[in-house]
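The values are calculated or read from the model by the stated rules, or taken from the named source; none is laboratory data. Because the structure is a prediction, the values reported are computed rather than measured. Cβ sites come from the backbone with ideal geometry, for glycine too, and all protein chains shown count toward neighbours. Surface accessibility is based on the protein's heavy atoms, side chains included, excluding ligands, DNA and RNA. Shrake-Rupley method; radii C 1.70, N 1.55, O 1.52, S 1.80 Å.
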Amino acid sequence: MCYEHVDEDGERRRIRVAEDVDPSEPDAIQEVERDGREFDAKVPELPPPGTGERYNDCGEESPLLMCPNCGEVTAVGRTCRRSRCPRCWQAWDFQRALDAGTAIEGERR
């Protein structure tokens with residue numbers, strides 16, 4: 001793991017901490033030479049979900065649901081689940097959370 005900090009003199013220093021070594025050992029924490037990389041770069045601004053335009057095929061009626069008792073078919077609007085779609089961004093958000101939760105649960109097991 002590598003990080004930068006500002007010391008008492010106001011100088012930036014880059015420190016490397018070995019993950020596979022006991023921190024009490026002398027080689028566990030070392031000051032390394034700085035290179036051209038910057039670690040405090042800003043995250044790029046992304047457009048908020050749902051602020052784009054609706055896609056052409058979004059919301060088209062399709063016979064997708066059927067009652068298990070009587071067999072009546074119900075038409076519902078198609079969901080594209082795209083992040084920029086003002087109609088479907090919530091479905092996109094839910095699917096992302098579901099995928100992340102599934103991955104975390106898999107790692108936990």
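A single member of Glu61, Glu19 is over 22 Å from the mean Cα position of the chain (by Cα), acidic (Asp, Glu) and modelled with pLDDT of 80 or more, and it is Glu61. The single residue among Gly52, Gly71 that is at pLDDT 85 or above and in contact with a Lys or Arg (Cβ under 6 Å, 6 or more places away or on another chain) turns out to be Gly52. Here is the figure for region 65-101: residues that are open to solvent by 90 Å² or more (accessible area, probe 1.4 Å) and farther than 30 Å from Glu53 by Cα total 5.
Check region 83-104 and report whether any residue there is modelled with pLDDT under 90, under 15 Å from the mean Cα position of the chain (by Cα) and assigned to a loop (DSSP other than H, G, I, E, B). Among the residues of region 83-104, at least one is modelled with pLDDT under 90, under 15 Å from the mean Cα position of the chain (by Cα) and assigned to a loop (DSSP other than H, G, I, E, B), which makes the answer yes.
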